[in-house]
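The values are calculated or read from the model by the stated rules, or taken from the named source; none is laboratory data. Computed from a predicted model, the values in this text were never measured in an experiment. Here Cβ is always computed from backbone atoms with ideal geometry, including for glycine, and neighbour counts include all displayed protein chains.
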Amino acid sequence: SVCDIGFIGLGVMGKNLVLNLADNGFSIAAFDLDISKVEGVIEQDKAESGLSTARVIGCTSYTELLSRLKPPHLIVLSVPAGAPVDQVCENLIGAGIQPDDIVIDTGNSLWVDTVAREKKYKNNFILFSSAVSGGEVGARFGPALMPSGSPYAWTRIKPIWEAIAAKVDDATGKPIERTKPGDIVTEGEPCAAYIGPAGAGHYVKMVHNGIEYADMQIICEAYQMLRDGLALSSDEIADIFALWNKGPLESYLMEISVEVLRHRVGEDQTPLVDLILDKAGQKGTGLWTAVSSLELGTPAPTIAQAVYARSISSFKDLRVKASTILSGPELITLDKNEKQAFIAQLHDAIYSAKICAYAQGFQLMKLAEKEHDWQLNFASIAKIWRAGCIIRAAFLQSITEAFERNPELDNLLLDDFFAKQLSKHQMNWRKSVSNSALMGIPTGAISSALSYYDSIRCAVLPANLLQAQRDFFGAHTFERIDKSTGKKYHVNWSTPTRDMVEIG
Ligand code: 6PG
């Protein structure tokens, strides 16, 4: 039979995307180098659908895969970023893929690789990219999709992507639930909107992940403040997080943190989290976001700090050794009222830090947009992150509204709503950061966000002295606020008269 879509790569994400596509009425020809994965998805599809004929056809080669599809072929890749994507592309060429066939890369490819691949393969096929967010459950029941590349390819992909994507009620920004195999959701706004030319979608997904790193780290710092600062148990922390999850901090990451903290294992029912080694892994997207922010010269300290926090965590042996050598402050014990205040302050601190992390991510995308001439629609990006993806949160509705009010917004902190939120919560944020400093608990993300906020709202930074230092040792020149813009000056620091000259 002839299928709508060819699917390559049946790992956790791939398998669930296939089942999602099948639920939405698309027929699929599936291929994986590991034949047991092909058999696995067919079995699961039959079991879930209750149909005697599978909605998924298994293929044993690239050639068979192509022969099972309607031309022009539409092929979805769910393979690890990097060399595997190139390998599959080459194999498809070997199998006779045609120039008007479309290949969609759904992995977390580095955006510059996507740009290069689109060019490299343009005579062989159309490479389209569409990163997927939402983990395995998202892939199965509605992910957020960030499509980019050929506008023609998008016209073919759009109805499929809109069918399988997560959906939200556009007015409230609330996700529309879909949790069972066989369920489909036809109403609501799909979390799949065209982002821009090749590379733009992967860039936006990269920044999504950078924000994800920051968001996770901020929650983890709050956890450590409660665990080490107040000596609370995992259950007590879960109760606090569950309460926070009912307010402006409502988010998927907060929700799963509650579930994780409550999970107990073994005969003595130890909280699992107390048994997990404190060394964080990473696959690169957060690092790429931080690198890109440095390259573009736009500050994203909270995102970078989240990457560093993972790096520091990986030096377990060093930390264990240092913990016996380096001293911290005396233990502080708080009374009941002080504990309540500590918790309230921490809530406001993480809410404020979270706003700053998103402000950094959106400003980074704005700079990248200018640099690469992409014309990103920030309200639309915030909209597709309202459901399906890992950073989905109630507060993405407020970000959507901020960019709808002003599509040209330079920085989220300048939006009226967010400026007021930060102004309202800043004193608690400051107290929480000082609590962490006095207690010796690291809060790099939360503190870096406060420093970011204070730098952004500071009309005069000490960079005047910095410029003078640069001029002193390297004749790097400086501008003057009492002279016309653009004119450069240098002081002959090494001469006794230290006379000043105008350069250029
Ligand atoms: C998503 C996630 C997903 C993946 C991250 C994890 O949006 O669904 O971001 O893409 O889980 O890449 O990254 P690390 O392994 O680097 O934490």
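A few points about this structure:
- Segments classed as helices (runs of 4 or more DSSP H), wholly inside the range 281-359, with at least 1 members that are within 24 Å of LEU249 (Cβ to Cβ) and within 16 Å of the ligand (Cβ to nearest atom): 285-296, 301-314
- Residue pairs meeting the criteria (Cβ under 6 Å; at least 6 apart or on separate chains; first within 19 Å of MET225 (Cα to Cα), in the range 304-331; second more than 14 Å from the ligand (Cβ to nearest atom) and assigned to a loop (DSSP other than H, G, I, E, B)): SER313/ASP278; GLY328/GLY440; PRO329/GLY440
- Residue in the range 226-233 that is modelled with pLDDT of 95 or more, part of a helix (DSSP H, G or I) and among the hydroxyl-bearing types (Ser, Thr, Tyr) present: no
- The requirement of being surrounded by fewer than 13 Cβ atoms within 10 Å (Cβ to Cβ), among the β-branched types (Val, Ile, Thr), modelled with pLDDT under 95 and more than 17 Å from the chain's Cα centre (by Cα) is satisfied by THR333.
- Pair list, Cβ under 7 Å, 6 or more apart: the range 115-126 residue under 16 Å from LEU74 (Cβ atoms), other residue crowded, with 20+ Cβ neighbours inside 10 Å and of a type in the set (Gly, Ala, Ser): ILE126/ALA153
- Pick from the range 8-41, criterion within 13 Å of ILE57 (Cβ to Cβ) and among the β-branched types (Val, Ile, Thr), ranking: surrounded by the most Cβ atoms within 10 Å (Cβ to Cβ): VAL18
- Near pairs, Cβ below 6 angstrom, 6+ apart or cross-chain, from the range 374-395 (within 16 Å of the ligand (Cβ to nearest atom)) to any residue that is at pLDDT below 95: ARG386/GLY173; ALA387/PRO175
- The set of residues from the range 300-329 being among the hydrophobic types (A, V, I, L, M, F, W, C) and loosely packed, with under 12 Cβ neighbours inside 10 Å comprises LEU318, VAL320, ALA322, ILE325, LEU326.
- Within the range 127-166, restricting attention to residues that are aliphatic (A, V, I, L, M) and surrounded by fewer than 21 Cβ atoms within 10 Å (Cβ to Cβ), the residue that is nearest to the ligand (Cβ to nearest atom) is VAL137.
- Of all residues in the range 39-56 being assigned to a loop (DSSP other than H, G, I, E, B) and free of Cβ contacts under 8 Å to residues at least 24 places away in the same chain, the one that is nearest to SER27 (Cα to Cα): ALA54
- Test: residue in the range 60-71 that is within 16 Å of the ligand (Cβ to nearest atom), in the same structural domain as ASP183 (by TED's automatic domain parsing) and over 28 Å from ARG386 (Cα atoms): no
- Verdict on ILE211 being out of contact with any Leu (no Cβ under 7 Å at 6 or more places or on another chain) and either outside the structural domain of ASP45 (by TED's automatic domain parsing) or surrounded by 24 or more Cβ atoms within 10 Å (Cβ to Cβ) (or both): yes
- When LEU438 is tested against (1) in contact (Cβ under 8 Å) with a residue 40 or more places away in the chain; (2) surrounded by 14 or more Cβ atoms within 10 Å (Cβ to Cβ); (3) among the hydrophobic types (A, V, I, L, M, F, W, C), just one condition goes unmet, and that condition is (2).
- The residues in the range 126-154 that are touching a His at 6+ places or on another chain (Cβ under 8 Å) and over 27 Å from GLU177 (Cα atoms) can be counted, and the count is 0.
- Selection of the range 368-415 for residues being at positive phi and touching an Asp or Glu at 6+ places or on another chain (Cβ under 9 Å) yields only GLN375.
- All of (1) touching a strand residue (DSSP E or B) at 6+ places or on another chain (Cβ under 8 Å); (2) within 24 Å of ASP4 (Cα to Cα) hold for PRO181 with one exception: (1).
- For the range 168-181, the criterion of being away from the ligand (no atom under 16 Å from the Cβ), assigned to a loop (DSSP other than H, G, I, E, B), among the hydrophobic types (A, V, I, L, M, F, W, C) and surrounded by fewer than 23 Cβ atoms within 10 Å (Cβ to Cβ) is satisfied by at least one residue.
- The set of residues in the range 376-405 that are more than 21 Å from SER352 (Cβ to Cβ) and more than 20 Å from the chain's Cα centre (by Cα) contains only GLU404.
- Scanning the range 170-196 for residues being over 18 Å from ASP23 (Cα atoms), modelled with pLDDT under 95 and in contact with a Gly (Cβ under 6 Å, 6 or more places away or on another chain) gives a total of 0.
- Selection within the range 364-405: residues that are more than 28 Å from LEU17 (Cβ to Cβ) and among the small types (Gly, Ala, Ser). The member of this set that is surrounded by the most Cβ atoms within 10 Å (Cβ to Cβ) is ALA402.
- Lone unmet requirement of (1) away from the ligand (no atom under 16 Å from the Cβ); (2) crowded, with 22+ Cβ neighbours inside 10 Å for LEU409: (2)
- Meets criteria (among the small types (Gly, Ala, Ser), at pLDDT 95 or above and more than 20 Å from LYS174 (Cα to Cα)) for ALA222: yes
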